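Participant: Before anything else, here's the structure in question.
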Amino acid sequence: MTDRLISTEPATGEEVWAGDIGDAEAEVAAARAAWPEWAAHSVSYRIEAMRRFANEVRAREQDFADLIARETGKPVWEARTEVAAVINKVEISANAYLERTPMRKLEAAMGSKVAVRHKPHGVLAVLGPYNFPAHLPNGHIVPALIAGNAVVFKPSEKTPATGAFLFDCFRAAGVPEGVVRLLIGGPAEGKALASQPGIDGLLFTGSARAGMSLHRQFADAPHKMLALELGGNNPLVVWQASDIDVAAMIAVQSAYLSAGQRCTAARRLIVEDGAEEPLIAAITKLIDRIIVDNPHASPPPFMGPLIDVAAADHLQSQWVGLMMKGGKPIRRLDRPQEDRPFLTPALIDVTDVRDRPDEEMFGPVLQMLRVADFDAAIDEANNTRFGLAASLVGGTPAMYDKFWANVRAGVINWNKPTNGAPSNAPFGGIGLSGNHRPSAFYAADYCAYPVTSSETELARAAVAEGLRDAYVPTDS
Ligand code: NAD
């Protein structure tokens with residue numbers, strides 16, 4: 001008997017979806033068989049197929065947003081923005097393909113030409129996370145398909161219904177059966193997929209822990225593409241902000257949107273020691289107004305529950321760990337219903353915590369650190385193995401220049417939240433946040449490889465040096 005995967009609503013515990021665990025080998029074989037025909041089509045043919053896919057998603061927008069909201073727990077208004085991002089990805093990826101991997105003809109000696117063209121890798125595996133279960137895997141799948149790859153997509157085991165819905169939209173758009181395959185399962189199926197000899201690469205969005213495991217798994221396969229988009233421990237520095245209420249709003253949006261379940265969420269709030277009181281007052285005033293509720297509740301909540309009870313338990317134990325090491329809570333991480341993963345937005349002063357773990361707290365916890373001066377703020381911003389997003393709120397242009405030049409991250413913002421990165425720009429991090437394969441606009445780069453060809457219709461050659469006798473053409 002095949003094993004089943006059951007997905008439940010975090011907000012209620014009700015079943016959303018159930019399906020059979022898939023077989024990685026069979027899915028890869030189907031994709032391999034379909035790949036050559038897909039790769040042989042023109043780019044414009046494949047872009048047209050993606051436009052039909054965007055139309056399919058548009059036609060089901062409301063159902064899709066409702067499903068994402070139910071399965072992840074995020075508010076339905078936020079789920080709608082995720083569906084919009086899925087649709088917009090098509091035009092962005094078409095432009096990115098043409099801009100990042102265009103055909104070029106270069107002049108070369110003796111009237112010949114050098115052509116640079118790109119080829120798809122073949123079959124690419126895509127592993128998705130649960131926090132943006134449609135937008136993020138889609139951000140790999142659409143560019144991979146445009147470039148001419150076939151894809152085996154394994155959604156997170158926590159959001160298989162959303163994965164199946166996305167897959168169904170590709171099918172309904174007429175993308176051939178073998179070209180996109182759906183593999184249902186968890187980490188075991190992810191590992192099995194990664195180990196298939198029939199894949200030419202793997203595009204991953206998820207935790208640093210899983211990313212490192214995949215990196216090890218790929219140690220013997222340096223010829224395969226591995227793109228890792230991982231987590232962060234992102235700093236938000238607030239320094240001499242002219243408008244404290246705006247600074248507080250930016251902090252709250254950075255830390256608590258999506259219940260803090262964003263890779264770009266601010267985890268560490270770095271402030272000037274002695275000048276923090278007005279900012280704390282403004283942030284706590286906002287925290288106390290935040291509605292935490294079911295995704296479809298009215299009035300609409302700012303944030304829903306965490307993805308599941310295990311995630312809430314884990315975050316609570318990380319919170320207790322900070323308190324035991326000397327953290328001083330300013331707003332506590334409360335759990336109003338013991339059996340459900342709703343958590344309230346929390347703020348804790350960790351300035352005096354010794355051996356503060358440099359780990360991602362994937363939920364609504366913001367850790368505050370007081371430092372003496374701006375140089376110390378930059379040092380503290382860099383006091384992490386990760387390097388995804390960082391923001392400065394306040395400061396002068398010269399201070400922002402200094403911040404930009406010295407902070408190590410792939411996204412560096414000024415007077416903007418750490419999250420909400422634009423899709424039409426590259427997106428990636430350094431350190432433990434990735435392996436230098438940025439996604440979003442630069443996804444085109446890892447979906448195809450360049451081929452350089454020196455070409456001329458008429459074969460001509462000359463050996464200029466090192467021959468013994470004068471050259472006499474063979475036919476004369
Ligand atoms: P996760 O790493 O637990 O799972 C991601 C996917 O990998 C899932 O499909 C899972 O089944 C699979 N998987 C897990 N362990 C695996 C293994 N050892 N081998 C193969 N496959 C494995 O991540 P998650 O909890 O679903 O997502 C949250 C994490 O993703 C956070 O760390 C967050 O910061 C990160 N994230 C990063 C980005 C980015 O673009 N950098 C975006 C969103 C989320």
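The values are calculated or read from the model by the stated rules, or taken from the named source; none is laboratory data. Since the structure is predicted, the reported quantities are computational estimates derived from the model, not experimental observations. Note that we place each Cβ from the backbone using ideal geometry, even for glycine, and neighbour counts take in every protein chain shown. Surface areas here come from the heavy atoms of the whole protein model, side chains and all, with no ligands, DNA or RNA. Shrake-Rupley method; radii C 1.70, N 1.55, O 1.52, S 1.80 Å.
Participant: Find which of Tyr442, Leu236, Ala65 sits farthest along the positive direction of the dipole of the chain, computed with +1 on the beta-carbon of Lys and Arg, -1 on that of Asp and Glu, about the Cα centre.
Facilitator: Most positive-ward Cα: Tyr442.
Participant: Taking 0.36 nm per residue of separation and subtracting the Cα-Cα distance, what length does fully extending Ala462 through Ala59 add?
Facilitator: 138.9 nm
Participant: Based on the Cβ-Cβ distance of Ala372 and Ser298, what FRET efficiency does E = 1/(1 + (r/R0)^6) give at R0 = 45 Å, to the nearest 0.05?
Facilitator: Here the calculated transfer efficiency is 0.45.
Participant: Taking a cut-off of 17 Å between Cα atoms, list the lysines near Lys105, but don't count ones fewer than 8 places away on the same chain.
Facilitator: List returned: Lys113, Lys119.
Participant: For Asp273, Asp379, what's the largest-to-smallest order of accessible area, 1.4 Å probe?
Facilitator: Putting Asp273, Asp379 in descending order of accessible area: Asp379, Asp273.
Participant: On to the next question. Magnitude of the Cβ-charge dipole of the range 71-157, K/R +1 and D/E -1, about the Cα centre, nearest 20 debye?
Facilitator: 460 debye
Participant: Leaving out same-chain residues fewer than 8 places away, which lysines sit with a Cα under 24 Å from that of Lys402?
Facilitator: Lys416
Participant: Tell me the label-point distance for the pair Gln337, Asp379, using the 7 Å Cα-to-Cβ offset, in nm and rounded to one decimal.
Facilitator: Going by the 7 Å Cα→Cβ label model, 4.7 nm.
Participant: Principal axes first, then extents: for the Cα atoms of the range 234-423, list largest minus smallest coordinate on each axis, whole Å, largest first.
Facilitator: Principal-axis extents of the range 234-423 (Cα, largest first): 49, 35, 32 Å.
Participant: Sticking with this structure for a sec: Taking the DSSP beta bridges in the chain as the whole, what percent of them are antiparallel, to the nearest 5?
Facilitator: Here the antiparallel bridges make up roughly 40 percent for the chain.
Participant: Near Lys158, which lysines are there with a Cα under 26 Å away, not counting those fewer than 8 places off in the same chain?
Facilitator: Of all the lysines, those that pass the test against Lys158 - Cα under 26 Å, at least 8 places apart if same chain - are Lys74, Lys89, Lys191.
Participant: If you don't mind, there's one more thing I want to ask. Starting from 0.36 nm per residue, how many nanometres of slack lie between Asp358 and Tyr449 once their C-alpha separation is accounted for?
Facilitator: Going from the current span to full extension adds 29.2 nm.
Participant: Quick check: pseudo-label points 7 Å beyond the Cα along Cα→Cβ at Ala188 and Asp313, how many nm apart are they?
Facilitator: 1.9 nm
Participant: So how far apart, in nm, are the two label points at Arg51 and Thr81 if each is 7 Å from Cα heading toward Cβ?
Facilitator: Label-label distance for Arg51 and Thr81, simple model: 2.9 nm.
Participant: If you count, for each residue, the other Cβ atoms within 10 Å and average over each peptide, how do 436-446, 141-151 line up from highest to lowest?
Facilitator: Top to bottom by mean Cβ count within 10 Å: 141-151, 436-446.
Participant: Rg and Dmax of the chain, using alpha carbons, in Å: what are they?
Facilitator: Rg, Dmax (Cα atoms, Å): 25.2, 96.
Participant: Next up: Quick check: residue separation of Trp414 and Ala275 times 0.36 nm, minus the Cα distance between them. What number comes out in nm? Show your work: numbers first, answer last.
Facilitator: Details: separation 139, 0.36 × 139 = 50.04 nm, distance 1.99 nm.
Roughly 48.0 nm would be gained on extension.
Participant: Output the peptides 33-42, 383-392 sorted from most to least packed, where packing is the average of other Cβ atoms within 10 Å over each peptide's residues.
Facilitator: Ranked by mean Cβ neighbours within 10 Å, highest first: 383-392, 33-42.
Participant: To the nearest 20 debye, what charge dipole does the range 234-423 have about its Cα centre, counting +1 at the Cβ of each Lys and Arg and -1 at the Cβ of each Asp and Glu?
Facilitator: It comes to approximately 260 debye.
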